[in-house]
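The values are calculated or read from the model by the stated rules, or taken from the named source; none is laboratory data. From a predicted model like this one, the values you see are computed outputs, not experimental measurements. Heads up, the Cβs are rebuilt from the backbone with ideal geometry, glycines too, and the neighbour counts pull from every protein chain shown.
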Amino acid sequence: MAVVVANMIGTGVFTSLGYQLLDIQSVFPLMLLWLVGGLAALCGALSYAELCARLPRSGGEYHFLRETYHPAAGFISGWVSATVGFAAPTALAAMTFAGYLSSAVSSVITLHEKALAVGLVLVLTLTHSFSRETSSRFQTIFTLIKVVLIVIFCCAVYFSVDTPQSLNFLPVSGDWELISGGAFAVSLIYVNYAYTGWNAVTYITNEIEEPQKNIPRVMLLGTLLVMVLYLVLNAIFLYAAPMADMAGQLDIGVIVAQASFGPSGAMLMGITLSLLLISTVSAMVMAGPRVLQVVGEDFRLFEWLATTNVKGVPARAINMQAVITIIFIVTSSFESVLIFSGFIMGFNTLIAVLGVFVLRFRSSDEENKKVSYLTWGYPVTPLIYIGIMLWTLFFIVKNRPEEAAVGLFVIASGLIFYWLSRFLGSYKR
């Protein structure tokens, strides 16, 4: 559950409101965005829980698509996870960590943000390369700290702000036009990205006790907790600072702290918010390489990634992801990485959720009854997730074609590498 919560609560909720406010400056549509995003995440979690019950093995979408459709689909998904799915969000979280910390202490010392982000990735890579016990202990402690600090932050802002903003949570004139327009759909890209991570536990299935029983519970409880925290956080952001001050800004938390506590309080809260992101980077460094590991188990071309150290940790896969993450940090802008990784991860989970229908169709009624967990609300639940994802992906293609094209290129390159691996006779299972 710590892995799920830490993966979800990261970059998105502390940065995306600034981008949303560029086009939407009304409370009801802004809060509805986070409610719709939470609904999508819950529907996705309910659907993935059935996939885990039917196909219990680490690897997430790589394993689901491989078993549901074809080894090529699984390989492409694993390729996406290896090149973008974890490395890009890890880079974004590390960059946000550096941005918050640098902004908070700028009056005292000037920090090099990219060097700070790279340093965090290197430290956590070493931490998770040591042993499973070290990883588990570190992740649990920092996730608990994260949740407690978020609650303290919300309470402190609520009781400290001198000039609170007037909030009307009911729709006003013009809200429905905003909700039905492209601006709402594009803003939902950022929100869906903020909810990314509800499926993180599926990447470490082999390391969970009684996965068919515990994984559905973990995903549902984790997603519900994060949904509540997100709604409260965004309400607090809008309560504490004027929308005009936050529009287009990345460090929303620091701006809110400045409005609530003044310069000294903003410094303290900026440091605190940067600490929250350590568990996010940590969770991705922990979960992502498990996909590379299972790809290595299945393909001889990548079998070196399946190698584990004496503690059973896939250290080579962890190091490989760290290298890709650092390349993103050094070479890419924040927003472009966010949009294109949001597109490619949304597409990946969309195909996986479609797999629930495929597996139901393939199985007899008797076989379906034997599954330890079946999606609650089927077929409506997966259809809600599919509908929201299709809507989001359509508007990314329409409004951000460059990022969508990069995402499609990554998918196509995965297919090329799959056929190359088959040509070299490297497929093992």
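Identify, by number, the condition in (1) more than 29 Å from residue 138 (Cβ to Cβ); (2) part of a loop (DSSP other than H, G, I, E, B); (3) of a type outside the set (Phe, Trp, Tyr) that residue 30 doesn't meet.
It is condition (2) that residue 30 fails.
Please go through segment 384-402 and pick out each residue that is surrounded by 14 or more Cβ atoms within 10 Å (Cβ to Cβ) and among the charged types (D, E, K, R).
The answer is 400, and nothing else.
Test residue 4 against the stated conditions and say whether it is β-branched (Val, Ile, Thr) and surrounded by fewer than 23 Cβ atoms within 10 Å (Cβ to Cβ).
The answer is no for residue 4.
Going by the structure shown, is residue 344 assigned to a helix (DSSP H, G or I) and in contact (Cβ under 8 Å) with a residue 24 or more places away in the chain?
When the stated conditions are applied, residue 344 passes them.
Filter segment 364-422 for residues that are touching a Ser or Thr at 6+ places or on another chain (Cβ under 7 Å) and not aliphatic (A, V, I, L, M); which is nearest to residue 301 (Cα to Cα)?
Going through the qualifying residues, I end up with 403.
Those residues that are crowded, with 24+ Cβ neighbours inside 10 Å and over 15 Å from residue 345 (Cβ atoms), I need them from segment 34-44; list them, please.
34, 43 - these are the residues of segment 34-44 that are crowded, with 24+ Cβ neighbours inside 10 Å and over 15 Å from residue 345 (Cβ atoms).
Of all residues in segment 259-315, which are free of Cβ contacts under 8 Å to residues at least 24 places away in the same chain and closer than 25 Å to residue 135 by Cβ?
Selection gives 296, 304, 305, 306, 307, 308, 310.
Could you tell me which of the residues 33, 46, 116 is at negative phi, among the hydrophobic types (A, V, I, L, M, F, W, C) and over 19 Å from the mean Cα position of the chain (by Cα)?
Being at negative phi, among the hydrophobic types (A, V, I, L, M, F, W, C) and over 19 Å from the mean Cα position of the chain (by Cα) holds for just one of 33, 46, 116, which is 116.
Any idea which residue in segment 240-271 is farthest from residue 142 (Cα to Cα), counting only those that are touching a Leu at 6+ places or on another chain (Cβ under 6 Å) and buried (at least 19 other Cβ atoms within 10 Å of the Cβ)?
Step by step, filter segment 240-271, then rank; the result is 246.
Of (1) out of contact with any Gly (no Cβ under 8 Å at 6 or more places or on another chain); (2) buried (at least 23 other Cβ atoms within 10 Å of the Cβ); (3) β-branched (Val, Ile, Thr), residue 108 satisfies all except one. Which?
Result: residue 108 fails condition (2) only.
I'd like to know if segment 79-98 contains one or more residues that are touching a His at 6+ places or on another chain (Cβ under 7 Å) and polar (S, T, N, Q).
The answer is no, given that none of the residues of segment 79-98 is touching a His at 6+ places or on another chain (Cβ under 7 Å) and polar (S, T, N, Q).
Looking at the structure I just gave you, is residue 80 within 24 Å of residue 274 (Cα to Cα) and surrounded by 24 or more Cβ atoms within 10 Å (Cβ to Cβ)?
Criteria not met by residue 80.
Can you spot a residue in segment 118-139 that is part of a helix (DSSP H, G or I), modelled with pLDDT under 85 and among the hydrophobic types (A, V, I, L, M, F, W, C)?
yes
Starting from segment 122-145, keep only residues that are surrounded by 15 or more Cβ atoms within 10 Å (Cβ to Cβ) and aromatic (Phe, Trp, Tyr), then list their pairs with residues that are part of a helix (DSSP H, G or I) and at pLDDT 75 or above whose Cβ atoms are within a distance under 8 Å, requiring at least 6 positions of separation or different chains.
138/127; 138/128; 138/282; 142/6; 142/278; 142/279; 142/282
Is it true that some residue in segment 35-54 is of a type in the set (Ser, Thr, Tyr) and either farther than 23 Å from residue 393 by Cα or in contact with a Leu (Cβ under 7 Å, 6 or more places away or on another chain) (or both)?
no
Given the criteria part of a helix (DSSP H, G or I) and at pLDDT 85 or above, does residue 421 qualify?
When the stated conditions are applied, residue 421 does not pass them.
Inspect segment 383-395 for any residue being within 20 Å of residue 89 (Cα to Cα) and modelled with pLDDT under 85 and give the result as yes or no.
yes
Any residue in segment 231-252 that's of a type in the set (Phe, Trp, Tyr): show its pairings with residues that are in a loop (DSSP other than H, G, I, E, B) and buried (at least 19 other Cβ atoms within 10 Å of the Cβ) at Cβ separation under 6 Å, as long as the two are six or more apart or on different chains.
none
Here is a check on your reading of the model: is residue 407 in a helix (DSSP H, G or I) and either within 27 Å of residue 292 (Cα to Cα) or touching a Phe, Trp or Tyr at 6+ places or on another chain (Cβ under 6 Å) (or both)?
So residue 407 fits the description; yes.
Which of the residues spanning segment 369-383 are crowded, with 20+ Cβ neighbours inside 10 Å and part of a helix (DSSP H, G or I)?
Passing the criteria: 381, 382.
Of the residues 321, 293, which is under 24 Å from residue 8 (Cβ atoms) and modelled with pLDDT under 85?
293
So which of 264, 260, 279 is within 17 Å of the chain's Cα centre (by Cα) and among the hydroxyl-bearing types (Ser, Thr, Tyr)?
279
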